[in-house]
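This report refers to the structure that appears directly beneath it.
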Amino acid sequence: MTVFQKIGVIGAGIMGAGIAQRCATFGYRVSLVDMQEECLQSARMRIVQSVDKLMEKAVFSRDLLSNVLSLIDFVTDFEAVSSCDLVIEAVNENPDLKKKIFSDLDKTCSSQTILATNTSSIPITALAGVTERPQRVLGLHFMNPVPIIPLVEIIWADQTSNKVFADCVNFVESVECEWVESKDSPGFIINRILIPMINEAVRVLESGIATAEDIDRAMVLGTKQPMGPLALADLIGLDTVLNILNTLYAGFKDERYRPSPLLEKNVRENRLGRKTGCGFFEYKVHVETP
């Protein structure tokens, strides 16, 4: 049985909204915090659309939407998380920004609040080090899309206590997710394996060996992946893929993690994937705030 009652989520982008939705679906009161009101409005719309799809598929009952929305507070006030039992940071993969948020959370929240990060690759220990409670900091890396994929990587910081880890295992299980345990190493488990594969697919495209369509079709049909690596990169966001690769390259100094020039070019040109309407493929979608 989880010891948590109220959850805070910092950042109302795709991941933050998904985490808030999953927590509320399983009965948690959630404060979803973002400094930009338009991001909160986009998050609310995204949650409504996501819940509608789940209800259409009969995954949940028809009253789910009103229940979920009644449990989520969409707020710009950082102080809203002061009374939360667990706060999950889910902002962009920017180490300096995350460190500032963790420092601010340390000052704002109760000394008993557990502080977690949804980072894809940034060292958890570095974030724990800016707080006065490093033993109460760890990584909870949800998979995108959070409401659908029932897996969380739980990552130890060097100082994380056994009790905090166990409490977060109970929380993850309470929102009906499986979990895997990782030490604090760049990329952890999934992204250390997945992101270099995406980078190699970009290199194959860049070298002219095959088209984006044939690269993805080959990987879907030939390896039974549900989505090709280039389409997956577009879904994740090419800027996020690049940030993770840069973290891996800085951490390991290994050439296999050096970002493809084509990936860097697309990010410079704001071809970031689904969220901008174009990446390795073109999308007729509403451009959402990252």
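Where a number appears in this text, it was derived from the coordinates with a stated rule and is not lab data. Bear in mind the structure is a predicted one, so any value in this text is a computation, not a measurement. In this analysis, Cβ positions are derived from the backbone assuming ideal geometry, glycine residues included, and neighbour counts consider all displayed protein chains.
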Restricting to Cα pairs under 8 Å and 6 or more apart, the percent relative contact order of the chain works out to 15 percent
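Work out how much length residue 143 to residue 38 would gain on full extension: take 0.36 nm times their residue separation and subtract the Cα-Cα distance, in nm to one decimal. Show your work: numbers first, answer last.
On the way: separation 105, 0.36 × 105 = 37.80 nm, distance 2.40 nm.
The span from residue 143 to residue 38 would gain 35.4 nm if fully extended.
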FRET efficiency for residue 270 and residue 151 from the Cβ-Cβ distance with R0 = 35 Å, rounded to 0.05, comes out at 0.70
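Quote the convex hull volume per residue of the range 97-236, based on C-alpha atoms, as a whole number of Å³. Walk me through the intermediate numbers first.
Numbers: hull volume 16.7 nm³, N = 140.
Cα-based convex hull of the range 97-236, divided per residue, equals 120 Å³.
Which entries in the list 6/163; 57/163; 53/284 go over 27 Å, if you measure between the two C-alpha atoms of each? Before the final figure, lay out the partial values.
Details: 6/163 18 Å; 57/163 38 Å; 53/284 19 Å.
Check vs 27 Å cut-off fails for 57/163.
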The helix 190-206 Cα axis meets the longest alpha-carbon principal axis of the chain at an angle in degrees, between 0 and 90 and rounded to 10, of 30 degrees
Rounded to the nearest Å, the spacing of the alpha-carbon centers of the range 165-232 and the range 236-259 is 13 Å
Labelled set (i) 0.98; (ii) 0.96; (iii) 0.94; Rg/Rh (Cα atoms, Kirkwood Rh) computed from this model equals the value at (ii)
With DSSP loop assignment and no more than 11 other C-beta atoms within 10 Å, the trypsin sites (Lys or Arg not before Pro) in the range 188-290 are 224, 253, 284
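Using Cβ contacts closer than 10 Å as the measure, can you line up 240, 211 from fewest to most?
Working: 240 25, 211 12.
So the residues, fewest neighbours to most, are 211, 240.
Just want the ordering: 219, 35, from fewest to most Cβ atoms lying within 10 Å of their own Cβ. Kindly include the intermediate steps, with their values, before the conclusion.
Numbers: 219 19, 35 13.
Ordered by Cβ neighbours within 10 Å, fewest first: 35, 219.
How big is the dipole moment of the range 191-276 about its Cα centre under a simple scheme where the beta carbon of each Lys and Arg is +1, that of each Asp and Glu is -1, and everything else is neutral? Debye, nearest 20, please. Present the calculation step by step, with values, prior to reporting the outcome.
Numbers: 12 positive and 11 negative charges, 39 e Å.
Roughly 180 debye for the range 191-276.
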Helix 37-56: inclination vs the chain longest Cα principal axis, degrees, rounded to 10, gives 80 degrees
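If you average the sequence gap of Cα pairs under 8 Å that are 6 or more apart and divide by the length of the range 1-100, what percent do you get for the contact order?
Relative contact order here is 41 percent.
As a footprinting exposure proxy, order 244, 190 by other Cβ within 10 Å, with the fewest listed first.
Working: 244 27, 190 16.
With the fewest neighbours first, 244, 190 line up as 190, 244.
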For the chain, the longest principal axis of the Cα atoms and the Cα long axis of helix 212-223 enclose an angle in degrees, to the nearest 10, of 70 degrees
At the level of C-alpha centres, the distance separating the range 1-65 and the range 92-135, in angstrom, is 22 Å
If unit charges are put on Cβ atoms (+1 for Lys and Arg, -1 for Asp and Glu) and the dipole of the chain is taken about its Cα centre, the option from 42, 147, 20 lying farthest towards the positive end turns out to be 147
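Give me the number: length gained by fully extending residue 207 to residue 77, i.e. 0.36 nm times residue separation minus the C-alpha to C-alpha distance, one decimal in nm. Could the numbers behind the result be given before it?
Details: separation 130, 0.36 × 130 = 46.80 nm, distance 4.83 nm.
Taking 0.36 nm per residue and subtracting the Cα distance, the gain is 42.0 nm.
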With +1 on the Cβ of every Lys and Arg and -1 on the Cβ of every Asp and Glu, the dipole magnitude of the chain about its Cα centre, in debye rounded to the nearest 20, is 220 debye
